[in-house]
Amino acid sequence: MAAIANQDVWARVEAFGDVCRSVGSFGYGPGWDDEASKFLDEVPLDKVLSLLQEVSEAGDWTRVDLVSDVLRHVLRSTAGTEATKQAHLVPSLAQGLRHPKVEVRKLAAHQIRRISVDAFETRGDRVTLCEGLVGSLRDVDTGVGVEVTEALAAHADSERDVVLDLLSEMDQVEGPADIAHASITELRVLYLVARVSAKDEAALEACMEKELLTPLLDIVRGDDVLMQINALRLVPLISATSAGLAVLQETKIVDQLAKLAGLAGDDGAQPDPMLGDEALRVMSQLSARTLSDGDEEGAGALSQTFLRAMAARLGALPSPGSPVALATMEMLGAFAGAQPPRSVHAVVETWSTDVLGPWMEIAAASADPGKAAGLSSIAMALRGGALLDRASANEVSLQYQSADDVAFSALVESSTIQPTQSEREEAAELNWALFLAYGRALRQRTRSDVPDPRAPADVVGLLVHKLGEPLDEQRCGIFALLRIVALQASSWGLRAIYGAGAEVERQFLDRSLAMSKQAKEWRFAFLEAVHESPFRDQVLGEARLAMLRSFLKRGPFRGPASGPAPEISLGEAA
């Protein structure tokens, strides 16, 4: 130890600590990998870990903070990640999960999450790491718990049986005395089990054999409201496979959802005041999954049940900007965006009076905060006809998604039948009618001085007019919606954007307009989508395309080079 803990080594660690502090929160430049690699050549990673153990045992928390900060920075480099894969460092990583300092535990879990368990040659090393992670599920720190949970979810593929066995044995080990923390630990386990079960049918069967799904299903059917709220959000993960859908039917979970949503029994049934909305969201997700699984009859029944509930809610809204209205718009947007074209067509046609009309009205409402929520709702509804794989980012919501939502989206996307090009084109054509319906409602709410929209281009003009209102969230929502319009698998999207008039086009490229950083980012994402559209050449023409590329080349934030954007001639349209 004396050979390690000498003044020369500490001098190098402290010097590199100064470098790390200079990096701060500004990110790592192109030379960071070389900087970190040079440091590791001077002070190998195992020596840094030995220093951490030494100062931890001595209770020198100042130096513990220094070494952990150095580790946090150096492990972000390519050289640091590769160095971590050395087999003899596995005990140090596992020991880091039990360190008294929160930051060290979080760092160890994060690093294990970043590297593949397959990188370790022996199964014993992989099992050691899994054991350490499962033991850390009871960590009292939320940040550590998140890192540990995600690390286990990432590594369950390689050592699924080991992870499931360890999870099934957790109730045999004394857990936290605090009831609230015990519930958090239980939810982490349930989330892991749901994630593992969603991988494939073999994984689901393994979870069922070990009775690991039973607690989750029991909670959904139980009466502990706080636990039910969290458990309901995990139900869509179970539906990621055909066998999972069958489990939900056989265990009466679908019936429980209908009961919580107030859709079971007689017409006087009322939704659960705490769980009704979440149950409806889950039902809309299960409807999409059921249809993608080939069960049109079952999906149709779920869809009609969901739409019936939406019609009842829309007919009893207290105000367009109320929390109930915002939640209703979110659910309708998510439902329409997840459904195939024929289901969205059912909303447009069959439910035009009870659902579509009221939905468009509240989406177009001018009362804050409904503006951004309404725009996000329409953007989500138009997703089915959008070529999202051509875009640099797939998010249309103005809110951050939870880890559960991201996991569900990724798993379902990889495990279900994706729409064909013809189906996307069909959806894009149906979206034309939906977008126009929204425009009519928008005009009635905000621009009674202009004619009723007869084409999507008129709707774009109404939206761009609202960019002048000093509401940043609304501006972001407008660009998010226009981005999805630009990505439609039909040329109507781009023709609407570039048929709204020269003044509208000029505002898209005018860097002199006062906007927040977030609004500029959304504008840039919208213009990137225009550039990625397969219809850009036939709609924009060479002159417009050249100006668009010039704007994109300079990035979202650089100011105007010589005043506002140049005038655009309508004669350049294709």
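The values are calculated or read from the model by the stated rules, or taken from the named source; none is laboratory data. Fair warning: this is a prediction, and the values are worked out from it, not measured in the lab. Here Cβ is always computed from backbone atoms with ideal geometry, including for glycine, and neighbour counts include all displayed protein chains. To get the accessible areas, we keep the full protein, side chains included, count just its heavy atoms, and leave off ligands, DNA and RNA. Shrake-Rupley method; radii C 1.70, N 1.55, O 1.52, S 1.80 Å.
List of remarks:
- Annotation: of all residues in region 243-302 being modelled with pLDDT under 75 and over 22 Å from residue 313 (Cβ atoms), the one that is surrounded by the most Cβ atoms within 10 Å (Cβ to Cβ) is 291.
- Taken over region 123-167, the criterion of being open to solvent by 40 Å² or more (accessible area, probe 1.4 Å) and hydroxyl-bearing (Ser, Thr, Tyr) is satisfied by 128, 142, 158.
- Residues of region 218-228 satisfying the condition of being surrounded by 13 or more Cβ atoms within 10 Å (Cβ to Cβ) and within 15 Å of residue 188 (Cα to Cα): 219, 227, 228
- Output for region 458-515, where each listed residue is part of a helix (DSSP H, G or I), polar (S, T, N, Q) and either at pLDDT 85 or above or open to solvent by less than 30 Å² (accessible area, probe 1.4 Å) (or both): 474
- Filtered by the rule that a residue be open to solvent by 50 Å² or more (accessible area, probe 1.4 Å) and either more than 17 Å from residue 497 (Cα to Cα) or modelled with pLDDT of 85 or more (or both), region 543-574 gives 546, 549, 550, 553, 554, 557, 558, 560, 561, 562, 564, 566.
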